[in-house]
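> Structure below; questions to follow.
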Amino acid sequence: MDRELLNLLPILVPIPPLAAFFLIVLFTNRVRWLSHTIAVLATIISLGFGVVLLVNGLSMGAHDLAHHPIGNTIEWLPIDGFSNWLQMGAMTDPLTMGMLFFVPTAIFCIIFYSIGYMGYGTEHEDRDYSRFFAFLSLFAAGMFTLVVADNLLLLFVGWEVMGLCSYLLIGFWYDKNYDDPDKTTPRQAAVKAFITTRIGDVIMLLGIAYLYTQTGTLSFAAILRDEQVLHQLATTLVPGMGISIAGLIGLLLFAGTVGKSAQFPLHVWLPDAMEGPTPVSAMIHSAAMVSAGVYMIVRMFPLLSAGWEHGGPPTAPMVAMGLIGAFTALFASTIALAQNDVKRVLAYSTIAQLGYMVAALGIGAYIAAAFHLITHAFFKALLFLGSGSIIHGMEHGAHHANDHHTDAQDMLNMGGLRTKMPWTFWTFLIGGLALSGLPLVTAGFWSKDEILAESFYAMTHGAGGLAPLGAWVFILLAVSAALTAFYTMRQIGLIFWGKPRTKLSKHAHESSWTMILPLVILAFFAITAGWMGIPDDFMGLELGEINFFHHFAGASLVVHPEGITFNWIPLLTSVFVVLLGLGGGYLIYWKEPVKAGEPDPLVKPLGRLYTVLHNKYYFDEFYQAAFVEPTKWVAAKVVYEWMDRGIIDGILHFVGRTTGGIATYVRLFDVHVINGGVDWLKDRFLDGAREFRTIQAGKIQEYMWLSLLIGCAFAYLLIFVLSR
Amino acid sequence: MDSFEIANLFYSIGQVWTEWLTNLGLSPEWLSFTNKAMGAVLLTALPVMIVCVTIMGERKIIGRFQDRLGPNRVGPCGVLQTIPDIFKLLTKEIITPTKVDKVMYNLAPMLSVVSVILIWAVIPLASNVVGVDLEIGALYFVAVSSFGTLAVLMAGWSSNNKYALISAFRGVAQLVSYEVPLVLTLLIPVLLAGTMRLNGIVEAQAQGWYVLLAPISMLIFFISSTAEVGRSPFDLLEADSEIVAGFNIEYSGMRFAMFFLGEFIHAFTFCGVIATLFFGGWRGPFVDQAPALGFLYFLIKMFAIYFVHIWIRITMPRLRIDHMLNLSWKFLIPLSLVNLVVMSLAAKLVQTPAMDATLWQLLPRWGILLGTNMVMIAGTFMILGTVSRRERHKQEAARVLEPVASGIQG
Amino acid sequence: MTYVVFGLFGILTLGGGILVVTSRNLVRAAASLVLSFFGIAGLYVLLEAGFMAAAQILIYIGAIAILIIFAVMLTQRVAAGNRVAMNSQWPWALLVSALTFALLVYIINIVWPLGIRAENVPVLAADPTRGLGMALVDWGQYVLPFEVASILLLGAMVGSIFIAREQHDD
Amino acid sequence: MVPLSWYLITSALLFCIGLYGVFARRNAVAVLMSIELMLNAVNLNLVAFWRFQTPTRPVGLAFAVFVLVVAAAEAAVGLALILSIYRQRKHIVVEDLDLLKL
């Protein structure tokens, strides 16, 4: 394919899902099979574009690709009276390549899975089946836009489209109510997710605006690949604050990530987002929404770390990322210990894994973060789809047992699903082990190990503030890893081990092949995706340049990051904590499976702490009291009663009455003067027409030659008389 | 002059001829005129000579198919049978019915032969033997074919016979219907080769015969050309039981023979066109060293396709007129439209390789074009299967209802 | 030589045209129309517009003429073609046509005087057909009219099918 | 080559013949045929002008092609109209089709 055509491809990637959205919404809303066919086809086309780009990119080589990204730019908005233009466009550099492979793959799996999950062709078929696929397509379009964007503004567009879609999809079952009034309904969850992420987005928009005022451009190539600009931004201080411009922008942008990627303290929306259908959760947690936040800071890392040298003192945004990321990882992992909802456990583990990535960026482990982003997307999508399959099976059981009060998502109601749903079990096990980071085999191990190794390196070799930051990150992440392994074992044990604890799990059965196939595909990647990031000198062996991902994605940066040398300590730590966690989980939950009616074995040893963890450190309650209630009060009293009813309505009523008075007089003029005049004119015209109608004989040919005769006469007149 | 080469036979003959004429003292203008006139005569004579062979061959082959000997009296194994036949036709009385439109009545048989022979002007017989290598060869081919339609209409109308007229109507309906898919698929080789020059299309097939790259187009072209020729299973023009004998019922003797001559030439001419467009024309091994071989290859390909033609003719039953029209309008035309769009997109997907591309550089293009064709074939069969199943259901439902209806009548 | 050929095709064209407007039998008129079209195709060849010549034959003779003959046969008793051909005002029509022709000749004679021989006629571009094809799909030239023409054809097709369909409902 | 003015005269003559046919023929199909003659005359004009004035740019050819398209569309619609009129009134004499008269 020639280069010109190739350059068009990146911008084409988001088009098919977008087109699918409009097609489904406008035309095929009532034809269900067509709706999902369109959605799946659109994703396949995007995936095809992605693969074509990947193949071409690989053949170009990372270095060439980084310096001449595939893509093109158009002049979009005139600024300063057409003297300057805001550029818009798409591009594909090595980092985008990685995203362009895993994002469409995961999205394809999820959309395909949704066909089965939304019950196509069964009696459980969802009422708004087509709407679901339309929104999923729009979601995919948003994510693709974000990935291929070559500037912050277009990235922000994709970012906001996804925000909207997450709102629409979390609240997909908007009319669902629960018996328990305290339980979050999909409506509330949707609003919560939308508003919480909005806080981050507004701050991020500030950062974008500030960046634009400082550089006059938002193009990645112009900012991130230009060392002069970066240097300028890193050395100039913001007036009145002891921080560089790059630092401030970085902090503002990072706030967007905190919202989007659910970092502490804006993490509260993500667990509640579980109220949406499970494919949506998978979408949000793996390929799209939360990845977007991390992708953005990975993409902007040269700006965030402007002025930082490898091993040198960290910049302000890096400190923030390291502190918040590591803390979030530990914090979320502890909460996950005490959750019973199968999806909530996964939700908190997502928060923890995102904390991993953010913390990795905090200590400058750019590639490790990107790598973990990709591996995590695969196994987290796998886990969510697997949990969806479990829930589906459980609901089938509920249907069979005619029991609609037992919670189908509560892990304490499950147990013994190993034999009922073998495919789900094995794929879920693979996903769980990948999440825990089972050494050597799974993808999760390689990416986590790289982060730990990098943080250990920062701890031991870092100058300035990097060493303590590295220590903080290393220790918190190691503990978090142990907890992760533990609660994963807990989850798998509760779900699959032992005997069925309720009728629901007794009658559960395996899901349809449309749901199993994506699980298998994702399980394949959950293992193999890690192999592209095995360190060159793993275990001190000279393995040659096998760390493909490092060399390829690293080319996106101006300064190619050097790989760290191998050290046994982080490897052993990581293996140790994982085995510790897995072993602990095995002893408590697998050896003696929980029986029906028994409480969780953790309740007794942890005591009060368990309650605190179970209630997520009471964060929701705190936010409710601190922010939500005051806002409601202001809205009801000040805005509604005083401003709206009093001032605005009063003015409107006054204007209305005055206008009515004037109109009465205008009408008199209209009736007598205007209507009368027009009637008179009409009568005169009618008289004239009556005179002229006799000329018409009704013979076309006669008209024609007559008119031509007159025309000829005029022409001859013109030639022979007038021109003399 | 170059030495006389047997490998480049036609070119050498031309050289000798030109030299001879120059020696006679012809001026260059007259030389060119004479050459053109000679070429025209030769090109006209060629199909007429070939037709003598094919008529014989056809009768023999059909005889074999029907498990009989075929003509076997004149000459060895009866191969000279055509010659007495020609004399017979030439000596027959020519009857002109009363009240016919004389001009048109006499013009129609000639037109039907001329329209076919004109096609031979642009068919490349060998790499350097072609009547006129027109830039718009493909379009020319379509244009002169349309004279045939006119001939049918003229013959039918001028005979002053209602059977002839009805038959002419049917014939024109058929010819016009099948001209559309014919032209639409003719565009595919033009598209792939990037030229309308027939010799250019043959040259472009150095990178693979188009029958491999566009089998669907070949099939549609073949079917439509069978219909254009008016041969079985599309021989409704002369359905004896319904319309006596067709639009040429009032013709006799040599005029009648002209129509049949036209039809026979038409049949193998279209085979020659198919060979040119889809089977590489004069292409074959060693043709670069010995251009004269090209003529041989062309003839072999043409006769091979003609054999398939005869095979179909002798095997297939005649279609009913509505079936015949439906086949064109409801199946071939939509398919060829889809084919045209898809093929042009697919051809655009891969850059046209340079003339000296290696096999490996050609493979993606082959793969993509052949692959899209396969997909289209599969899709066509799926749709056909669905439609025919629905049709069968409808018929079965009707059959179930039938006894009830007749019962009410009874 | 070219003058002879020009004369031949010119006579074909004009003679065909005259037969079209005068012959009483409509099928004959249609056949003369074909003759006239053929003559024009010949003139195109003389003008070195091979594509137009082929298109002329393909479209006018292969499609339009046959369509017209069909229409004639559908709207006429086949044998009874010998009614009055002209309407009552044909002398007027002749006069107007003659006047128009005189006007046209007068204008042509001003700009391109009749007696002048063709000298230094510009040379043709390399491949006019390719140039035409390029121009028809070129963004800067005729792509919009080209597409509009396609829509016009589609509209005409749908419209004529709709108009000519037999209405069974009345 | 034959000079441009000859082509123009031929075309003008053909146009006027067509014009006469349109004015004087009684049968609607004949009128349609005459219109086709006129269109052909125009096309001949366009091609002749192209050949003699702008042979390097296919302006005249392009317009001739568009005229061709219009002619085809006109023939199709015109004949369809004639057919439908014939079905209603059993004749197609233009003189008697005077529905335009009130």
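The values are calculated or read from the model by the stated rules, or taken from the named source; none is laboratory data. Everything numeric here is computed off the predicted structure, so don't read it as measured data. Note that each Cβ is placed from the backbone with ideal geometry, even for glycine, and that neighbours are counted across all protein chains shown. Only protein heavy atoms, including side chains, enter the accessible area calculation; ligands, DNA and RNA are left aside. Shrake-Rupley method; radii C 1.70, N 1.55, O 1.52, S 1.80 Å.
> Only residues that are under 18 Å from C:L47 (Cα atoms), free of Cβ contacts under 8 Å to residues at least 24 places away in the same chain and buried (at least 24 other Cβ atoms within 10 Å of the Cβ): list them for the range D:14-50, please.
Correct list: D:V47, D:W50.
> Can you tell me which of A:F669, A:F692, A:F685, A:F654 is within 14 Å of chain D (Cβ to nearest Cβ) and over 30 Å from D:L32 (Cβ atoms)? Full working, then the answer.
Numbers: A:F669 fails: within 14 Å of chain D (Cβ to nearest Cβ); A:F685 fails: within 14 Å of chain D (Cβ to nearest Cβ); A:F654 fails: within 14 Å of chain D (Cβ to nearest Cβ).
Among A:F669, A:F692, A:F685, A:F654, only A:F692 is within 14 Å of chain D (Cβ to nearest Cβ) and over 30 Å from D:L32 (Cβ atoms).
> Same structure again: B:I50 passes all but one of (1) part of a loop (DSSP other than H, G, I, E, B); (2) touching a residue at least 40 places away in the same chain (Cβ under 8 Å); which number fails?
Single failed check for B:I50: (1).
> Under the condition of being surrounded by fewer than 24 Cβ atoms within 10 Å (Cβ to Cβ) and hydroxyl-bearing (S, T, Y), which residue from the range C:21-38 is nearest to D:N40 (Cα to Cα)?
The residue in question is C:S32.
> Being farther than 27 Å from B:I117 by Cβ, basic (K, R), open to solvent by 50 Å² or more (accessible area, probe 1.4 Å) and modelled with pLDDT under 85, is that true of even one residue in the range B:67-74?
Yes, the range B:67-74 contains a residue that is farther than 27 Å from B:I117 by Cβ, basic (K, R), open to solvent by 50 Å² or more (accessible area, probe 1.4 Å) and modelled with pLDDT under 85.
> May I ask you to verify whether A:F194 is within 21 Å of the chain's Cα centre (by Cα) and in a helix (DSSP H, G or I)?
Working: within 21 Å of the chain's Cα centre (by Cα): yes; in a helix (DSSP H, G or I): yes.
Criteria met by A:F194.
> Can you name the residue in the range D:28-81 that is among the hydroxyl-bearing types (S, T, Y) and not in a helix (DSSP H, G or I) and, of all such residues, is farthest from the other protein chains (Cβ to nearest Cβ)?
If we filter the range D:28-81 for residues that are among the hydroxyl-bearing types (S, T, Y), which is where we start, we get D:34, D:54, D:56.
Within this subset, residues satisfying the condition of being not in a helix (DSSP H, G or I) are D:54, D:56.
Values: D:T54: 8, D:T56: 5 Å.
Within the range D:28-81, the match that is farthest from the other protein chains (Cβ to nearest Cβ) is D:T54.
> To continue, here is another question. Could you tell me whether B:V116 is in a helix (DSSP H, G or I), touching a residue at least 24 places away in the same chain (Cβ under 8 Å), under 27 Å from C:L35 (Cα atoms) and in contact with a Pro (Cβ under 8 Å, 6 or more places away or on another chain)?
Yes; evaluated as a whole, the condition is true for this residue.
> When you scan the range B:137-149, do you find a residue that is more than 9 Å from chain C (Cβ to nearest Cβ), more than 20 Å from C:G50 (Cα to Cα) and either touching a Lys or Arg at 6+ places or on another chain (Cβ under 8 Å) or surrounded by fewer than 24 Cβ atoms within 10 Å (Cβ to Cβ) (or both), even just one?
No, there is no match, as no residue in the range B:137-149 is more than 9 Å from chain C (Cβ to nearest Cβ), more than 20 Å from C:G50 (Cα to Cα) and either touching a Lys or Arg at 6+ places or on another chain (Cβ under 8 Å) or surrounded by fewer than 24 Cβ atoms within 10 Å (Cβ to Cβ) (or both).
> Wholly within the range A:1-114, which helices (runs of 4 or more DSSP H) include no fewer than the required count, namely at least 3 residues that are closer than 22 Å to A:A555 by Cβ and at pLDDT below 80?
It comes to A:32-60, A:62-67.
> Also, I was wondering about something else. For the range A:225-281, which residues satisfy the criterion of being more than 14 Å from A:T197 (Cβ to Cβ), hydrophobic (A, V, I, L, M, F, W, C) and not in a helix (DSSP H, G or I)?
A:L237, A:V238, A:M241, A:I243, A:F264
> Out of the residues in the range B:162-177 meeting the condition of being open to solvent by 10 Å² or more (accessible area, probe 1.4 Å) and more than 10 Å from chain C (Cβ to nearest Cβ), tell me which one is farthest from C:A41 (Cα to Cα).
Among them, the one singled out is B:Y163.
> Right, here's the next one. With respect to A:L587, is the statement that it is open to solvent by 50 Å² or more (accessible area, probe 1.4 Å) and modelled with pLDDT of 85 or more true?
no
> Of all residues being in a helix (DSSP H, G or I) and of a type in the set (G, A, S) in the range A:437-453, which is nearest to A:Y356 (Cα to Cα)? Just the residue, please.
A:S447
> List the helices (runs of 4 or more DSSP H) inside the range C:39-132, counting only whole elements, that have at least 2 residues being within 14 Å of chain B (Cβ to nearest Cβ) and crowded, with 21+ Cβ neighbours inside 10 Å.
Correct list: C:50-55, C:66-74.
> For the subset of the range B:311-322 comprising residues that are under 11 Å from B:T226 (Cβ atoms) and assigned to a helix (DSSP H, G or I), which member is modelled with the lowest pLDDT?
B:R313
> Still on this structure: Just one of the numbered conditions (1) open to solvent by 20 Å² or more (accessible area, probe 1.4 Å); (2) over 21 Å from A:R3 (Cα atoms); (3) of a type outside the set (D, E) is not true of A:A20; which one?
(1)
> Report yes if some residue within the range A:170-180 is touching a residue at least 12 places away in the same chain (Cβ under 8 Å), open to solvent by 10 Å² or more (accessible area, probe 1.4 Å), assigned to a helix (DSSP H, G or I) and not small (G, A, S); otherwise report no.
no
> Kindly indicate the residue of the range B:249-284 that is more than 17 Å from B:T54 (Cβ to Cβ) and in contact with a Ser or Thr (Cβ under 8 Å, 6 or more places away or on another chain) and also modelled with the highest pLDDT among those meeting that condition. Step through it out loud before you land on a result.
Within the range B:249-284, the first condition is being more than 17 Å from B:T54 (Cβ to Cβ), and the residues that meet it are B:249-256, B:276-284.
Restricting the remaining residues to those that are in contact with a Ser or Thr (Cβ under 8 Å, 6 or more places away or on another chain) gives B:249-251, B:278, B:282.
Values: B:I249: 78, B:E250: 82, B:Y251: 84, B:F278: 91, B:W282: 87.
The selected residue is B:F278.
> Is it the case that the range A:456-472 has a residue that's in a helix (DSSP H, G or I), under 26 Å from the mean Cα position of the chain (by Cα) and buried (at least 24 other Cβ atoms within 10 Å of the Cβ)?
no
> While we're here: Check the range A:25-45 and report whether any residue there is among the small types (G, A, S) and either open to solvent by 70 Å² or more (accessible area, probe 1.4 Å) or in the same structural domain as A:L557 (by TED's automatic domain parsing) (or both).
Step one: of the range A:25-45, the residues among the small types (G, A, S) are A:35, A:39, A:42.
If we keep only those that are either open to solvent by 70 Å² or more (accessible area, probe 1.4 Å) or in the same structural domain as A:L557 (by TED's automatic domain parsing) (or both) too, we end up with none.
No, that holds for no residue.
> Quick check on my filter: what residues within the range C:21-38 are under 12 Å from C:F9 (Cβ atoms) and either within 9 Å of chain D (Cβ to nearest Cβ) or more than 10 Å from the chain's Cα centre (by Cα) (or both)?
C:L35, C:S36, C:F37
> Sticking with this one: From the list A:L218, A:L266, which one is surrounded by 16 or more Cβ atoms within 10 Å (Cβ to Cβ) and farther than 30 Å from A:H68 by Cβ? Show your work before the answer.
Values: A:L218 fails: farther than 30 Å from A:H68 by Cβ.
Selected residue: A:L266, the only one of A:L218, A:L266 that is surrounded by 16 or more Cβ atoms within 10 Å (Cβ to Cβ) and farther than 30 Å from A:H68 by Cβ.
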